[in-house]
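The values are calculated or read from the model by the stated rules, or taken from the named source; none is laboratory data. Everything numeric here is computed off the predicted structure, so don't read it as measured data. Virtual Cβ from ideal backbone geometry, glycine too; neighbours counted across all protein chains shown.
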Amino acid sequence: MNKQDLLRAIYQAIQWDRLYELLPEASRQEVDELFQELRTSVAEAAEPDPEAAVGIAGGDARLYCDGSSRGNPGPAGIGMVITTPEDEEVLAWGASIGRATNNVAEYRAIVEGLKKALALKVRRVHVFCDSELVVRQVQGSYKVKSEGLKPLYAEVIALLSRFELCEIQYIPRHENAKADALAIGHAQAAEP
């Protein structure tokens with residue numbers, strides 16, 4: 001079972017009356033904050049497949065990224081999947097990022113995915129994203145007009161410059177299903 005799903009089920013199974021009976025000083029906000037910290041630590045603990053990671057170290061990888069916001073802005077999550085060029089999964093990871101817009105979540109997913117690719121010693125990366133706006137902005141076809149996106153755009157460009165070769169490409173959502181599911185799941189987990 002996925003640890004994020006297990007954590008969500010535990011939260012939903014809490015008998016709040018019994019909890020407050022045992023800990024009268026506890027507040028719902030404190031419990032929510034604790035679960036948010038646990039969600040983050042579980043999400044950050046994702047480990048790559050060691051055999052597949054050896055195959056991409058110093059070489060090529062594909063990075064599938066997605067961001068999701070429930071309300072735009074609202075509780076948001078990100079998801080990313082790193083694969084070999086043959087689409088053998090190396091690492092799947094997601095996290096709740098608090099309250100954000102869809103576009104901020106999309107950029108944050110790319111940023112975190114690129115950081116994880118660099119940590120795996122990937123030198124050439126092909127990034128796939130289902131946000132046409134973000135892809136066109138990173139490619140230089142569209143200007144970044146939003147003040148809130150400019151720092152994230154700059155961070156993506158700086159990270160991309162650390163690779164020997166990098167490409168970013170728009171793909172339809174159905175071709176980005178796993179990253180999409182991770183992002184949506186973490187956006188839902190971020191909801192109070």
Residue in segment 34-50 that is within 21 Å of Arg124 (Cα to Cα), outside any helix (DSSP H, G or I) and either at pLDDT 80 or above or not charged (D, E, K, R) (or both) present: yes
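Tell me which strands (runs of 3 or more DSSP E) are completely within segment 71-146 and hold 3 or more residues being farther than 16 Å from His186 by Cβ and modelled with pLDDT of 95 or more, or say none if there are none.
On the way: elements: 74-83, 89-100, 124-129.
Output list reads 124-129.
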Unmet criterion (only one of (1) among the aliphatic types (A, V, I, L, M); (2) under 13 Å from Asn176 (Cβ atoms); (3) surrounded by 21 or more Cβ atoms within 10 Å (Cβ to Cβ)) for Ala92: (3)
Residue list for segment 167-177, filter: in contact (Cβ under 8 Å) with a residue 12 or more places away in the chain and either over 13 Å from Cys129 (Cβ atoms) or assigned to a loop (DSSP other than H, G, I, E, B) (or both): Ile171, Pro172
Glu155 outside any loop (DSSP other than H, G, I, E, B) and farther than 21 Å from Tyr170 by Cβ: no
Per-region count, segment 133-166, residues closer than 24 Å to Ala61 by Cα, free of Cβ contacts under 8 Å to residues at least 12 places away in the same chain and among the aliphatic types (A, V, I, L, M): 2
